[in-house]
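The values are calculated or read from the model by the stated rules, or taken from the named source; none is laboratory data. Remember, it's a predicted structure, so these values are computed and weren't measured experimentally. So basically every Cβ, Gly included, is an ideal-geometry build from the backbone, and we count neighbours across all protein chains shown. Ligands, DNA and RNA are excluded from the accessible area calculation, which covers all protein heavy atoms including side chains. Shrake-Rupley method; radii C 1.70, N 1.55, O 1.52, S 1.80 Å.
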Amino acid sequence: MWCRRLAGLFQVPCRLSRSTRHRSLWLPRDRRTVPAAAPRWHHTAPESLKCAWQLHGDHLELRYANTLMRFDFVWLRDHCRSASCYNAKTNQRSLDTASVDLAIKPKAVRVDETTLFLTWPDGHVTRYGLEWLVKNSYEGQKQQVMHPRILWNAEIYRQAQVPSVDCQSFLETDEGLKEFLQNFLLYGIAFVENVAPTKEDTQIVAERVSLIRETIYGRMWYFTSDFSRGDTAYTKLALDRHTDTTYFQEPCGIQVFHCLKHEGTGGRTLLVDGFHAAEQVLRQAPDQFELLSKVPLKHEYVENVGDCHNHMIGVGPVLNVYPWNNELYLIRYNNYDRAVINTVPYDVVHRWYAAHRTLTAELRRPENELWVKLKPGKALFIDNWRVLHGREAFTGYRQLCGCYLTRDDVLNTARLLGLQA
């Protein structure tokens, strides 16, 4: 899992666990003042070692469920779930965080088999379930995966025999929608079959999952080789693997393609799991992975065709990871739209080129290429933060329609159906 594989990439002290495959990121040793005397561990009961705790000068240390956790006193006061501090109906904080004394310390601490009790100097009592603390502590979070995934190359995906979902089941049942979303979350791509080959029906399918994200290309768009926009995609030429809208500050999260008509040859769609390729870079050259996750680049889209006048700039590294568990969540890769590299000093840029070459080699390995022939009736959803797409050159008339979806709404739909997203 990404959270256990991508550690050790940032310039902080780290240490390996007993397993050579699982690493964990550790914060620098706390240098704040602690009592001169060694703290004493307290247990929930003399005969029980399930839970133990000790107070330090500025934090509480708690051992529970095989997890050693450290909680700053301000954090413990700020996250109080009592009725006066937290509105359980709206799931929003009522406590004014800025009003909490930064030097606050609990007056009394008690732990039973399930709950931590803290009494503060003003008499206010805070209660935390121990399971809640494990789930929400920094130490617990860095062991968790935000988005479970199955990384794949072409053979892995084919052997998985991931089913397409029938349009009627997708539109009319929660079971069909949930199956589709589970496939999408795990693999970054998913198909809906038997969609009527019209833009209107494709829109209905897209809106079953999410709101449509309107961009400079509109809401629903037709896609032909008439060069009506200032983009190579509007030609019959082959397109190398890439992610879309890298020139947006927040690249579009999901892309929908539906081939409405093709009278000619060629035009197969190429799909590559960018996270699978990134994992190979991490294993082979962790220093290069780190560089790709830290160096910010500009991507740019300049268009002056007909009535379309746009100048978009997006900034960010090629690989984006959550800092607390080093889980990869976004790849921004598009050699067509990468702007002048002027955000990298000369003594770093050559190493960046070498790292980029390593990633590109992985992305271009034939075994990582999944080729799909889109046809009328088969709608394809792509996780644009993970899966790169391209196409082979084609002849004749080829018409696609599609749109971008708002990522937050797709994940919201998945969570409401009980999926981890």
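Can you give the net charge of the other residues whose Cβ lies under 15 Å from the Cβ of residue 99, counting K and R as +1 and D and E as -1?
Taking every Cβ under 15 Å from that of residue 99, the sum is -2.
Could you tell me which residue out of 394, 336, 215 lies farthest along the dipole of the chain toward its positive end? Charges go on the beta carbon: Lys and Arg +1, Asp and Glu -1, centred on the Cα centre.
336
Largest first, please: the extent of the C-alpha atoms of the stretch 51-142 along each principal axis, to the nearest Å.
So the extents along the principal axes, rounded to whole Å, are 32, 29, 24.
Past the 18 angstrom mark, what percentage of all C-alpha to C-alpha distances in the stretch 284-341 do you count?
Within the stretch 284-341, distances greater than 18 Å cover 44 percent of Cα pairs.
Counting only DSSP beta bridges with both residues in the chain, what percent are antiparallel, rounded to the nearest 5?
Antiparallel bridges make up about 95 percent of those DSSP assigns within the chain.
Mind listing the phi-derived Karplus ³J(HN,Hα) values for the stretch 165-173, rounded to whole Hz, using 6.51, -1.76 and 1.60 with θ = phi - 60°, and x for any glycine or proline?
Couplings: 10, 5, 4, 5, 5, 4, 7, 10, 10 Hz.
Evaluate E = 1/(1 + (r/R0)^6) for residue 346 and residue 372, where r is the Cβ-Cβ distance and R0 equals 30 Å; express this FRET efficiency to the nearest 0.05.
Between residue 346 and residue 372 the formula returns 0.10.
How charged is the neighbourhood of residue 161? Take every other residue with its Cβ under 15 Å from the Cβ of residue 161, and add Lys/Arg as +1 and Asp/Glu as -1.
After counting each charged neighbour, the total is -2.
Please get the size of the charge dipole for the chain, origin at its Cα centre, with Cβ charges of +1 on Lys and Arg and -1 on Asp and Glu, quoted in debye to the nearest 20.
About 1260 debye.
If all Cα-Cα distances of the stretch 328-395 are sorted into 10 Å bins from 0 onward, what percent lands in each bin, rounded to whole numbers?
Reading upward from the zero bin: 13, 40, 31, 12, 3, 0.
Using the crude model of +1 on Lys and Arg Cβ and -1 on Asp and Glu Cβ, and no other charge, please compute the dipole size for the stretch 51-142 relative to its Cα centre, in debye to 20.
Dipole about the Cα centre, nearest 20: 180 debye.
Solvent-accessible area per residue for the stretch 328-421 at a 1.4 Å probe radius, Å²?
It amounts to 43 Å² per residue over the stretch 328-421.
Filter the cross-link list 89/135; 199/298; 298/375; 199/373; 236/375 down to pairs whose alpha-carbon distance in this structure exceeds 25 Å.
The answer is 199/298; 298/375.
Report in % the part of the accessible area of the chain that belongs to carbon and sulfur, leaving out ligands and nucleic acids; probe 1.4 Å.
The nonpolar share, carbon plus sulfur, comes to 51 percent.
Cut-off 10 angstrom, C-alpha nodes, Gaussian network model of the chain. Which of 313, 382, 254 fluctuates the most?
Result for the chain, Cα springs under 10 Å: 313 fluctuates most.
Can you tell me the order of 359-368, 146-155 when each peptide is scored by its average per-residue count of other Cβ atoms within 10 angstrom, highest first?
Result, highest mean first: 146-155, 359-368.
For the pairs 142/378; 178/294; 50/107; 142/294, flag any whose C-alpha to C-alpha distance is greater than 27 Å.
Distance filter (> 27 Å) returns 142/378; 178/294.
If the chain between residue 115 and residue 198 were fully stretched, how many nm would it gain, using 0.36 nm times the residue separation less the Cα-Cα distance?
Fully extending the segment from residue 115 to residue 198 adds 24.2 nm.
Can you pull a Stokes-Einstein diffusion coefficient for the chain at 37 °C (0.692 mPa s), Rh from Kirkwood over Cα pairs, as a whole number of µm²/s?
Rounded to a whole number, D works out at 134 µm²/s.
Kyte-Doolittle mean at least -1.0 and Cα extent at least 24 Å along the axis: which DSSP H helices of the chain qualify?
What comes out of the filter, once short or polar helices are dropped, is 346-363.
Mind ranking 116-129, 396-409 by how tightly packed they are, going by the mean number of other C-beta atoms within 10 angstrom, highest first?
396-409, 116-129
List the residues, sorted by chain then number, that are 5 or more residues from residue 268 or on another chain and whose placed amide H is less than 5 Å from its amide H.
HN-HN under 5 Å from residue 268: 392.
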